[in-house]
Amino acid sequence: ALIREQSNTEVDIVANTLEEIRLFSDLQTEKLVPVVSALKFEAKPGYFIQGDVAFIPDSVRIKGPKKIIDSISYMATIERELTGLSQSMEDEIELNNTDGVKVIPRKVNFRIYLEQLTEKELKTSLMKHLEFEQSDSLLLIPSEAVIVLSLPISQYDNFSEDMLTYQLETDSAIGDQPDGMHALQISSELPAVQVLSYQPDSLRILKVVAGD
């Protein structure tokens, strides 16, 4: 039987017996695999963890018997818990051991980026953000909303009310019976931005008849 060993170089090995095949299976090979985090971390209130943990290097070389190396698709860090973080940090962490496998390097650096949160108040016209048919014949009471957000300091200047999502819980009924109170929802799709409060939380929508 002709068996080809895939490594940094290609080697053709002829194995005629079960013993020769067993010996072939123990041949050494190597490859690069990504580093995967087993870290658990949590920011202190008032701070936000920006993005995923970064590893340096983000991949490592593993060497060992081909049958073991072929079964490995990543190398995980050891488990470690970090709580109450209030600033960005960099540290070193070991990778998990796998019997018969040599990992190069055995340790990697990791970085966690934190940002401090602050509050921002916005005022906006609700008609600008809510879609209605024949909106020129509708009157919203109140017509404006005041929104308080929690967001990273780095986003304070550039974040605007246009980046939020506005929705009435009873959108489908407005076309048939616009008059009445409707619950309002304002939310953010950005994980770093949280809507703390907004007023009003419901609207009265009146249909204006021409000539009134």
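The values are calculated or read from the model by the stated rules, or taken from the named source; none is laboratory data. What you see is a predicted model, and the numbers here were worked out from it, not measured in a lab. Cβ: placed from backbone, ideal geometry, glycine included. Neighbour counts: every protein chain shown. Remember, those area values only see protein heavy atoms, side chains included, never the ligands or the DNA or RNA. Shrake-Rupley method; radii C 1.70, N 1.55, O 1.52, S 1.80 Å.
Here is a list: 3, 49, 68. Which entry is of a type outside the set (Phe, Trp, Tyr), modelled with pLDDT under 95 and closer than 24 Å to residue 192 by Cα? Please lay out each step first, then the result.
Values: 3 fails: closer than 24 Å to residue 192 by Cα; 68 fails: closer than 24 Å to residue 192 by Cα.
Step by step, each of 3, 49, 68 is checked, and only 49 is of a type outside the set (Phe, Trp, Tyr), modelled with pLDDT under 95 and closer than 24 Å to residue 192 by Cα.
Anything in region 74-109 that is in a strand (DSSP E or B), open to solvent by less than 30 Å² (accessible area, probe 1.4 Å) and either more than 18 Å from residue 47 (Cα to Cα) or of a type in the set (Gly, Ala, Ser) (or both)? List them, or say none.
Of region 74-109, the ones in a strand (DSSP E or B) are 75-77, 80-85, 89-95, 102-104, 107-109.
If we keep only those that are open to solvent by less than 30 Å² (accessible area, probe 1.4 Å) as well, we get 75-77, 82, 85, 93, 95, 103, 108.
Across region 74-109, the qualifying residues are 75, 76, 77, 93, 95, 103, 108.
Give all pairs with beta carbons closer than 6 Å in which a residue from region 107-128 that is free of Cβ contacts under 8 Å to residues at least 60 places away in the same chain meets a residue that is small (Gly, Ala, Ser); count only pairs at least 6 apart in sequence or on separate chains.
Listed pairs, sorted by first residue: 111/54; 124/145.
Can you tell me how many residues within region 28-58 are open to solvent by 40 Å² or more (accessible area, probe 1.4 Å) and not in a loop (DSSP other than H, G, I, E, B)?
Total meeting the criteria: 12.
Test each condition in (1) outside any strand (DSSP E or B); (2) modelled with pLDDT under 95; (3) under 28 Å from residue 97 (Cα atoms) for residue 20 and report the one that comes out false.
(3)
Six or more apart or on different chains, Cβ under 7 Å: which pairs go from a residue in region 189-203 that's farther than 11 Å from residue 150 by Cβ and open to solvent by less than 60 Å² (accessible area, probe 1.4 Å) to one that's of a type in the set (A, V, I, L, M, F, W, C) and not in a strand (DSSP E or B)? Could you list them?
As it stands, the answer is 203/126, since those pairs meet every condition given.
Within region 29-42, which residues are hydroxyl-bearing (Ser, Thr, Tyr) and either free of Cβ contacts under 8 Å to residues at least 40 places away in the same chain or within 28 Å of residue 84 (Cα to Cα) (or both)? Reasoning before the result, please.
Filtering region 29-42 for residues hydroxyl-bearing (Ser, Thr, Tyr) gives 29, 37.
37, the sole residue that qualifies.
So, in region 43-68, exactly how many residues are acidic (Asp, Glu) and either in contact (Cβ under 8 Å) with a residue 60 or more places away in the chain or closer than 15 Å to residue 82 by Cβ (or both)? Even if it seems obvious, please write down each step before you answer.
Pass one, region 43-68, residues acidic (Asp, Glu): 52, 58.
Now drop any that are not either in contact (Cβ under 8 Å) with a residue 60 or more places away in the chain or closer than 15 Å to residue 82 by Cβ (or both), which leaves 52.
Count: 1.
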